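A quick write-up on the structure given underneath.
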Amino acid sequence: MVSDAHRRVIAIDGPAGAGKSTIAKALSSRLNMKYLDTGAMYRAVTYEAMLRELDLHDQRCVAQLAQECDLHVGIDRVIINGHDATVAIRSAEVTGNVSTVAANSDVRTEMRVRQQEWATAHGGGVIEGRDIATVVFPNAVLKIFLTASPEVRAQRRVDQSGGDVTEIAAAIAERDLLDRTRADSPLASSSDSIIVDTSNRAIEDVVDEIEKLFLERSL
């Protein structure tokens, strides 16, 4: 049975650098809805596994960590097992390893349950990730798939964290491939998702469009 709260979810999916976090946060503030970054959940598990020097390819071991961890993801704070991992989960090392952890089916199952419980507890919300519309909340009231050109996505990452744009572009392309080809819940737009290209658009403009779509569906 689908929770009514799950029908009050705005599901925002898309690849790295498409603007998901920035737009989802702005939208949640505009609509006075709670916000959840599901990617931060996978990053936090990756960070904790690396902190413990676990073999990230040991699926059973990493899954056990995911199942047992005390994890709190807020709009501007990520705490796992008492560690403030807010900054650490955005490191190059975690970014380079998160796709391996995210491909673990047992980890995905655990995170999916937590995401659904979060939505129930908060009466819905703006939830962003890579499989939110396709797997986690197939009954979401609004499904958005954000995208942008590879060049724009790479430049955004450089503007945020520095680095060489060519190297960042290559890393993004590699992560895209891993996310799109994993066996469990690959990155993809659902058949009823609205695709929004953010390449040459202001954040406010995109937020305006999504807000309008949400309000139309909520009448």
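Read-outs throughout are calculated quantities, based only on the coordinates presented, and are distinct from any laboratory measurement. Fair warning: this is a prediction, and the values are worked out from it, not measured in the lab. Neighbour counts run over all protein chains shown; Cβ positions are idealised from the backbone, glycine included.
Count neighbours as other Cβ atoms within 10 Å of each site's Cβ, and list the trypsin sites (Lys or Arg not before Pro) in the stretch 1-78 that are DSSP loop with at most 15 such neighbours.
Details: sites: ARG7, ARG8, LYS20, LYS25, ARG30, LYS34, ARG43, ARG52, ARG60, ARG77; in loops: LYS34, ARG52, ARG77.
Within the stretch 1-78, the qualifying trypsin sites (Lys or Arg not before Pro) (loop, at most 15 other Cβ atoms within 10 Å) are ARG52, ARG77.
Could you let me know the centre-to-centre spacing of the stretch 111-179 and the stretch 11-68, using Cα atoms, in angstrom?
Taking the Cα centre of each part, the stretch 111-179 and the stretch 11-68 sit 9 Å apart.
Under 5 Å between amide H atoms, partner at least 5 residues away or on a different chain: which partners does LYS34 have, H built in plane at 1.01 Å?
VAL126
Shape of the stretch 71-121 from its Cα gyration tensor (a ≥ b ≥ c, root eigenvalues): rounded if a/c is under 1.5, otherwise prolate when a/b > b/c, or oblate?
Note, shape of the stretch 71-121 comes out oblate.
Please report the relative contact order for the chain, taking Cα pairs under 8 Å with a sequence separation of at least 6, and give it as a percent rounded to a whole number. Let's see the in-between values first.
Values: 354 pairs, mean separation 73.8, N = 219.
Contact order relative to length: 34 percent.
Shape call for the chain from the C-alpha gyration tensor, a ≥ b ≥ c root eigenvalues: rounded (a/c under 1.5), prolate (a/b greater than b/c) or oblate?
On the way: a/c = 1.64, a/b = 1.17, b/c = 1.40.
It comes out oblate by the Cα gyration axes.
GluC sites (Glu not before Pro), restricted to the stretch 48-86: which are DSSP loop and have at most 14 other Cβ atoms within 10 Å? Walk me through the intermediate numbers first.
Details: sites: GLU48, GLU53, GLU68; in loops: GLU53.
Sparse-neighbourhood loop GluC sites (Glu not before Pro): GLU53.
So what's the Cα pair-distance distribution over the stretch 6-58, bin width 10 Å, in %?
Computed distribution, short to long bins: 20, 40, 25, 14, 1.
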